[in-house]
Amino acid sequence: MTAKIIDGKAIAQKIRENLKDAIQRRLSQGQSAPGLAVILVGDDPASQIYVRNKREACSECGIKSVAYDLPQDIPEEKLLSLITQLNSDASIHGILIQLPLPNHIRTPLILDSIDPKKDVDGFHPTNLGLLAQGRSYLRPCTPYGVMRLLEHEKIMLCGLNAVVIGTSNIVGKPMALELVNAKCTVTLCHKETRDLKQAIKQADLLVSAIGKAGVINSEWIKPGAIVIDIGITRSPNGKLHGDIEFETAKQSAAYITPVPGGVGPMTVAMLLSNTLFAAKHMPLYCAQYKISRH
Ligand code: GUN
């Protein structure tokens, strides 16, 4: 069997074109452009590239992105007061703080200070809690992007054995919650998992979010599995690699995402989608979080 390669780049492009049209319609009805505050602290080169891509993607689809490029040594209180100001700014529908933040800043404190209805990354405990309860509001972009890829391929998830590797708050844990909500039987693996090989062998759907090039031995993959590679690592020669040995895995999987061009482009598309969602729903949002995206 040779796997179908899921073309995340093309799927994300189509989503971005649809968002652009939806934003155009919004403007023609006299409504404001969705506004996204993009905050970058310090000068980490990788973060600078990610932020530049996000800002360009915004302008391409009609989202007004407002840039805040802050010094590495900004005091925590100053960052908090910027967020407070953005929380009450009606022209800003989404707030994104590029991670990682410098060590002197308490990341959870900062993320918790974002108004959950402007939390377009979906990192706030309220949004993660809503996802855990199966009534998601703003969904973390990478796991949401994976769900959209699976949906695009019309893959039936109900009852599948899904194995997620990686337990970060921004990828692994919300990915597992998304798959539970889709009625998969989910195993969440991590560094201390005793028998990773055995877990992977059981997986009808494997989602890897480790971030170590080629660590997943493709011989462990169940024939006919759906393989989603979220890991992305740059080797010294500048080439990008996923967690999974792609060339061999594609011989036995039914579906596989490439790196680059798989999940990565979907993360940006979901940020844009979340920003439009936040702009549309802000007037409707109520303290009881009654709104669900399903
Ligand atoms: N750093 C790495 N990935 C992400 C992401 O998805 N969002 C933010 N804000 N920072 C990141």
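The values are calculated or read from the model by the stated rules, or taken from the named source; none is laboratory data. As the structure is a computational prediction, the values presented were derived from the model and not from experiment. Heads up, the Cβs are rebuilt from the backbone with ideal geometry, glycines too, and the neighbour counts pull from every protein chain shown. These accessible areas exclude ligands, DNA and RNA; they are computed on the full protein's heavy atoms, side chains included. Shrake-Rupley method; radii C 1.70, N 1.55, O 1.52, S 1.80 Å.
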| task | Among the residues of the stretch 230-258, count how many are part of a loop (DSSP other than H, G, I, E, B) and more than 18 Å from Val146 (Cβ to Cβ). | result | 6
| field | Index of the failed condition, Val227 passing every other in (1) under 25 Å from Met156 (Cα atoms); (2) among the aliphatic types (A, V, I, L, M); (3) open to solvent by 10 Å² or more (accessible area, probe 1.4 Å) | value | (3)
| query | How many residues does the stretch 71-101 contain that are outside any loop (DSSP other than H, G, I, E, B) and either touching a residue at least 24 places away in the same chain (Cβ under 8 Å) or within 16 Å of the ligand (Cβ to nearest atom) (or both)? | reply | 12
| In the stretch 133-179, what residues are in contact (Cβ under 8 Å) with a residue 40 or more places away in the chain and polar (S, T, N, Q)? | Ser136, Thr142, Asn161, Ser168, Asn169
| note | Taking the stretch 127-180 and the residues there that are of a type in the set (Gly, Ala, Ser), closer than 20 Å to Gln202 by Cβ and more than 16 Å from the ligand (Cβ to nearest atom), the one that is surrounded by the most Cβ atoms within 10 Å (Cβ to Cβ) would be Ala162
| query | What number goes with the only condition from (1) in a helix (DSSP H, G or I); (2) at pLDDT 95 or above that Ala46 does not pass? | reply | (2)
| task | Quick one: Asp119 ticks every box in (1) within 15 Å of the ligand (Cβ to nearest atom); (2) of a type in the set (D, E, K, R); (3) more than 19 Å from Lys280 (Cα to Cα) except a single one, so which number is it? | result | (3)
| request: State whether the residues of the stretch 53-64 include one that is under 17 Å from the mean Cα position of the chain (by Cα) and either at pLDDT below 95 or basic (Lys, Arg) (or both). | output: yes
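Okay, residues lined up against (1) touching a helix residue (DSSP H, G or I) at 6+ places or on another chain (Cβ under 7 Å); (2) within 21 Å of Lys4 (Cβ to Cβ):
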| position | (1), (2) |
| --- | --- |
| Thr187 | yes, no |
| Lys191 | no, no |
| Leu206 | yes, yes |
| Glu219 | no, yes |
| Ala225 | no, yes |
| Asn237 | no, no |
| Gln251 | no, yes |
| Pro258 | yes, yes |
| message | Can you find a residue that is within 16 Å of the ligand (Cβ to nearest atom), buried (at least 21 other Cβ atoms within 10 Å of the Cβ) and under 26 Å from Pro108 (Cβ atoms) anywhere in the stretch 13-36? | response | yes
